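*Asks:* Below you'll find the structure I mean.
A short reminder: the numbers here are calculations on the coordinates, not readings from a lab. Since the model is a prediction, treat every value here as computed from it, not as a measurement. Please note: Cβ atoms are built from the backbone with ideal geometry, for glycine as well, and neighbour counts cover all protein chains shown.
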Amino acid sequence: VGEQVLLKCSFKSSSPITESLLVDWTYRPLSGGQMETIFHYQSVPHPTTAGKFKDRISWLGNVAHGDASIAIQSPELSDNGTFICSVKNPPDV
């Protein structure tokens, strides 16, 4: 709580990295419920503009090096849950 938290995500692709590469981070609270997209990357980072993570997520990744990591600022116990990183690099998934 209080310190920035790093959510690491690394990937490998057999296809060259292009502008069509997509990264999606989704979140589901510990209490269950809907998965929500909290971060999207396609050529440039697109942090969520709504919900509990609004203005608290920063992109730390470098897709050229197989890194799709993000950071969450000012984490709270209520942020606890499942975070999923999904990378698609067409035609590779």
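*Asks:* Can you name the strands (runs of 3 or more DSSP E) wholly within region 18-93 that have at least 1 residues being out of contact with any Lys or Arg (no Cβ under 7 Å at 6 or more places or on another chain) and farther than 13 Å from VAL5 by Cβ?
*Replies:* Qualifying strands (runs of 3 or more DSSP E): 22-29, 36-42, 44-47, 57-59, 81-88.
*Asks:* If we keep just the residues of region 17-30 that are surrounded by fewer than 12 Cβ atoms within 10 Å (Cβ to Cβ) and either basic (Lys, Arg) or touching a residue at least 40 places away in the same chain (Cβ under 8 Å) (or both), which is nearest to ASN89 (Cα to Cα)?
*Replies:* THR18
*Asks:* Go through region 38-65 and count every residue that is of a type in the set (Ser, Thr, Tyr), under 15 Å from VAL87 (Cβ atoms) and surrounded by 14 or more Cβ atoms within 10 Å (Cβ to Cβ).
*Replies:* 1
*Asks:* Yes or no: region 37-51 includes at least one residue that is touching an Asp or Glu at 6+ places or on another chain (Cβ under 6 Å) and touching a residue at least 60 places away in the same chain (Cβ under 8 Å).
*Replies:* No, the conditions are met nowhere in region 37-51.
*Asks:* Separate question: With the requirement that a residue be under 16 Å from ASP24 (Cα atoms) and of a type outside the set (Ser, Thr, Tyr), what does region 57-80 give you?
*Replies:* Selection gives ILE57, TRP59, LEU60, GLY61, ASN62, VAL63, GLY66, ASP67, ALA68, ILE70, ALA71, ILE72.
*Asks:* Then there is this: State yes or no: is THR82 in contact (Cβ under 8 Å) with a residue 12 or more places away in the chain, out of contact with any helix residue (DSSP H, G or I) (no Cβ under 9 Å at 6 or more places or on another chain) and not charged (D, E, K, R)?
*Replies:* Answer is yes for this residue.
*Asks:* Within region 44-73, can you find the residues that are in contact with a Leu (Cβ under 8 Å, 6 or more places away or on another chain) and under 23 Å from PRO90 (Cα atoms)?
*Replies:* Selection gives LEU60, VAL63, ASP67, SER69, ILE70.
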